[in-house]
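Note sheet for the following structure.
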Amino acid sequence: MQYQEFVRLLARELKITKAQTIIFLNAFKIAVAKGLISQGVIKVRLFGTFSVRDFKARRIYDYQTKTTAAIAAHKWVHFKPSKTLRALVNKK
């Protein structure tokens, strides 16, 4: 599902305009980012858990070009869905 489709679906479910939905989504993204920066973990009840994972620097080998490259250490955002969300997705 693309972003605009998601906005349309969410607006329909919440019975608000697309502009209000976009404002809500942007505020949610900012709040999650600020929470992850300050706390490292955000738990949203009945939805899931956002967390930050650290990846070490490493070297990789490209078999096509026969060269090595360095990948810098970086952080990665991980999401683990709650049991409730998993049950809704797996519902048939």
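Values as computed for the structure displayed
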item	result
Set Lys15, Lys29: member being outside the structural domain of Trp76 (by TED's automatic domain parsing), closer than 29 Å to Asp54 by Cα, charged (D, E, K, R) and exposed (fewer than 11 other Cβ atoms within 10 Å of the Cβ)	Lys29
In the range 33-48, the residues that are exposed (fewer than 14 other Cβ atoms within 10 Å of the Cβ) and not aliphatic (A, V, I, L, M)	Lys34, Ser38, Gln39, Gly40, Lys43, Arg45, Phe47
Meets criteria (among the aromatic types (Phe, Trp, Tyr) and either more than 20 Å from the chain's Cα centre (by Cα) or modelled with pLDDT of 95 or more (or both)) for Tyr3	no
Flag if His74 is surrounded by 10 or more Cβ atoms within 10 Å (Cβ to Cβ), in contact (Cβ under 8 Å) with a residue 24 or more places away in the chain and not hydrophobic (A, V, I, L, M, F, W, C)	no
Meets criteria (surrounded by 10 or more Cβ atoms within 10 Å (Cβ to Cβ), more than 23 Å from Tyr3 (Cβ to Cβ) and not assigned by TED's automatic domain parsing to the domain that holds Gln4) for Arg58	yes
Cβ-Cβ under 7 Å pairs, at least 6 apart or on other chains, the range 30-49 side more than 23 Å from Leu88 (Cβ to Cβ), far side of a type in the set (S, T, N, Q) and part of a strand (DSSP E or B)	Gly40/Ser51
Residues located in the range 38-55, provided they are more than 24 Å from Tyr3 (Cα to Cα) and of a type in the set (Val, Ile, Thr)	Val41
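The values are calculated or read from the model by the stated rules, or taken from the named source; none is laboratory data. Treat the numbers as computed from the prediction; the structure is a model and nothing was measured. Ideal geometry is used to build each Cβ from the backbone, glycine not excepted, and the neighbour counts take in all protein chains shown.
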